[in-house]
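Encoded as C-alpha cells, the structure appears first; notes follow it.
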Amino acid sequence: FDPRHYVGTHCYGFPKTGPHRLRFLLESVKDLRETLKKKGSTLVVRKGKPEDVVCDLITQLGSVSAVVFHEEVREI
C-alpha cells in the first residue's frame, strides 16, 4: 500500500482513496490472501513507497530474476 494514495490530490486536495474504496481494497486483499493460502501460496503485503518496498523485498529474497509492475497512467 503506497501511502501517497491516501492523501489529497495535488490539484484540489480531494482524497485519492476514500473510506469505501479503502474498505473494498482491504477486503479484496484479504480474500486474495485466503485464496492463495488454500492453494499453498501466500501474499506479501507491505506499506510504503513501491520503489523502496520492492527494492527491500528483492534484497531480502536474494535470488530474483525478474520484476514486473504496472504504473498508473496520470492525466495532465
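The values are calculated or read from the model by the stated rules, or taken from the named source; none is laboratory data. Quantities reported herein were computed from a predicted structural model and do not represent experimental measurements. Cβ placement follows ideal geometry from the backbone for every residue including glycine, while neighbour counts extend to all protein chains displayed. The accessibility values were calculated without ligands, DNA or RNA, using every heavy atom of the protein model including side chains. Shrake-Rupley method; radii C 1.70, N 1.55, O 1.52, S 1.80 Å.
Of note:
- Counting the residues of segment 56-76 that are open to solvent by 80 Å² or more (accessible area, probe 1.4 Å) and assigned to a helix (DSSP H, G or I) gives 4.
- If you go through segment 9-30 and keep only what is at pLDDT below 80 and among the polar types (S, T, N, Q), you end up with 9, 17.
- Selection within segment 30-55 - part of a helix (DSSP H, G or I) and closer than 19 Å to residue 71 by Cα: 50, 51, 52, 53, 54, 55
- Residue in segment 10-27 that is part of a helix (DSSP H, G or I), surrounded by 10 or more Cβ atoms within 10 Å (Cβ to Cβ) and over 15 Å from the mean Cα position of the chain (by Cα) present: no
- Screening the candidates 39, 49 for the property of being in contact (Cβ under 8 Å) with a residue 12 or more places away in the chain and either closer than 19 Å to residue 2 by Cβ or surrounded by fewer than 10 Cβ atoms within 10 Å (Cβ to Cβ) (or both) yields one hit, 49.
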